[in-house]
1. Are there any pairs, at least 6 apart or on different chains, whose C-beta atoms fall under 8 Å, with the first in the stretch 186-203 and over 11 Å from Ile144 (Cβ atoms) and the second open to solvent by 50 Å² or more (accessible area, probe 1.4 Å) and at pLDDT below 95, and if so, which?
2. In the stretch 305-364, what residues are of a type in the set (Ser, Thr, Tyr), under 24 Å from Leu70 (Cβ atoms) and in contact with a His (Cβ under 7 Å, 6 or more places away or on another chain)?
3. Right, Ala195: closer than 23 Å to Pro321 by Cα and assigned to a loop (DSSP other than H, G, I, E, B) or not?
4. For a quick check of your reading of the model, give me the residue pairs whose first member lies in the stretch 66-92 and is hydroxyl-bearing (Ser, Thr, Tyr), whose second is open to solvent by 20 Å² or more (accessible area, probe 1.4 Å) and part of a strand (DSSP E or B), with beta-carbon atoms closer than 6 Å and at least 6 apart or on different chains.
5. Given the condition outside any loop (DSSP other than H, G, I, E, B) and open to solvent by 10 Å² or more (accessible area, probe 1.4 Å), answer yes or no: does some residue in the stretch 361-373 qualify?
6. Give the stretch 98-125 a look and list any residue that's in contact with a helix residue (DSSP H, G or I) (Cβ under 7 Å, 6 or more places away or on another chain), open to solvent by 10 Å² or more (accessible area, probe 1.4 Å) and either in a helix (DSSP H, G or I) or of a type in the set (Gly, Ala, Ser) (or both), or say none.
7. If you check Gly143 against the conditions, is it farther than 26 Å from Val120 by Cβ and modelled with pLDDT of 95 or more?
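The values are calculated or read from the model by the stated rules, or taken from the named source; none is laboratory data. As the structure is a computational prediction, the values presented were derived from the model and not from experiment. Positions of Cβ are backbone-derived with ideal geometry, glycine not excepted, and every protein chain shown enters the neighbour counts. Just the protein is used for accessible areas: all its heavy atoms, side chains included, with ligands, DNA and RNA removed. Shrake-Rupley method; radii C 1.70, N 1.55, O 1.52, S 1.80 Å.
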Amino acid sequence: MLNRRTLTALGGVVATLALSVPAANALTNNIATTDTALTHSQNASKGRPDGAVRTTLKDLVKKDDFPGALASLKDPGGRVRNYTAGVGNLETKSKVPVDGQVRIASNTKMFTATVVLQLVGEGKISLDAPIENYLPGLVRGDGIDGRNITVRQLLQHTSGLPDYDEEIVTDYVAKQQHRYFEPREVLEIALKKKALDAPGVSWSYSNTNYILAGLLVQKVTGRPIGEEITNRIIKPLNLRHTYWPGVGDQTIKGLHAHGYFATEPNAPYADVTTQDPSASWAAGQLIGTPSDLNHFLTALLDGKLLKPAQLKEMKTTVNAPDLDTVGDGHYGLGLATFKLSCGGYAWTHGGNAVGYTTRNAVTKDGRAATIAVTALPTTLAAAEHIESALDTALCTR
């Protein structure tokens, strides 16, 4: 859910969005290998994905001080390769579970946007209708009026609505880590602030937009957003290791590396694996694995979740300054672009949760990659290196 402003204030200069971030763009013959197991594949060419990805993960641990790192790659033919580096628990020094679960944070926005667009395709929501039509009287504040903010602008982050994440992360370990938030509670925090801009004028990432998108889904369907995401996306795609945590569930159910949090370089890490994710809600609550993220994003872009008209809307982008550290980013409706060093762009999102950072993308020819580390970056260089690792995974053949 954290965005760049908040991470900078904390001392962490991350690329873009998060407790929930965008950033990233966007194999069953598993070749699952841990950092240790890969050492007897040293004959693999450094020009091939095995060697290159292994090296980038090791560097994220050794040079950038992330406790653990995971990667999952999927080639156009469906072959999956999983990698890990570092440790899964700083206290016990246990290994990072191969393709372990992480808090996927802002990647949740892709799921929420997909459900909204499915409802658009069903004729239940209009993208260019004001949110006031569905949630009357709810969106009001200083320079804020739901009668002037469309559903499209919410999904696109052009609503001008301020974010609430700074208040959630302030004194996080001491005050917020185990606190439960109602969606309207975090919305109230945001609406006490002044609008960032008039609707439609500029792009600015705000988790508030997706809290409203979640409330919109619930109003239209009469069901919880987590249930709609589960029944419309997770179950149909058989994402076996992705789930929406229930109310009060602070754990990660499957095999996972611990997540850690520090507010500045060289500060001691606090273990934040167990936490209440409710503040992120429809903007960043999901838990999943790197390979599940690749499967989801590939299926989405292959048209398995949306009708052609709605997928086209999702991929219609606006300029998104500061979307990531690479530059030249664009944001659609819950989907973004990631500029590749090997030419062109991949489709992506990405996410930053307290304890976990993920960057993921899928190229036009069907290559998919997800990189995850078990802490937020505390320097701009570390943020750049995570995105460079994603680029390496997609551009090295």
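1. Short answer, once both residue conditions are applied: Ile189/Glu167; Trp203/Pro321.
2. Correct list: Thr337 only.
3. Working: closer than 23 Å to Pro321 by Cα: yes; assigned to a loop (DSSP other than H, G, I, E, B): yes.
Taking the combined requirement at face value, the residue satisfies it.
4. Once the first residue is hydroxyl-bearing (Ser, Thr, Tyr) and sits in the stretch 66-92, no partner that is open to solvent by 20 Å² or more (accessible area, probe 1.4 Å) and part of a strand (DSSP E or B) comes close enough.
5. First, pick out the residues of the stretch 361-373 that are outside any loop (DSSP other than H, G, I, E, B): 361-362, 368-373.
In the following step, the residues that additionally are open to solvent by 10 Å² or more (accessible area, probe 1.4 Å) were identified as none.
Scanning the stretch 361-373, I find no residue that is outside any loop (DSSP other than H, G, I, E, B) and open to solvent by 10 Å² or more (accessible area, probe 1.4 Å), so the answer is no.
6. Listed by number, the residues that qualify are Gln118, Val120, Gly121.
7. Spelling it out, Gly143 is indeed farther than 26 Å from Val120 by Cβ and modelled with pLDDT of 95 or more.
Residues checked against (1) among the charged types (D, E, K, R); (2) surrounded by fewer than 24 Cβ atoms within 10 Å (Cβ to Cβ):
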position: Val186; (1), (2): no, no
position: Lys193; (1), (2): yes, yes
position: Gly200; (1), (2): no, yes
position: Ser204; (1), (2): no, yes
position: Tyr210; (1), (2): no, no
position: Lys219; (1), (2): yes, yes
position: Arg223; (1), (2): yes, yes
position: Glu227; (1), (2): yes, yes
position: Ile234; (1), (2): no, yes
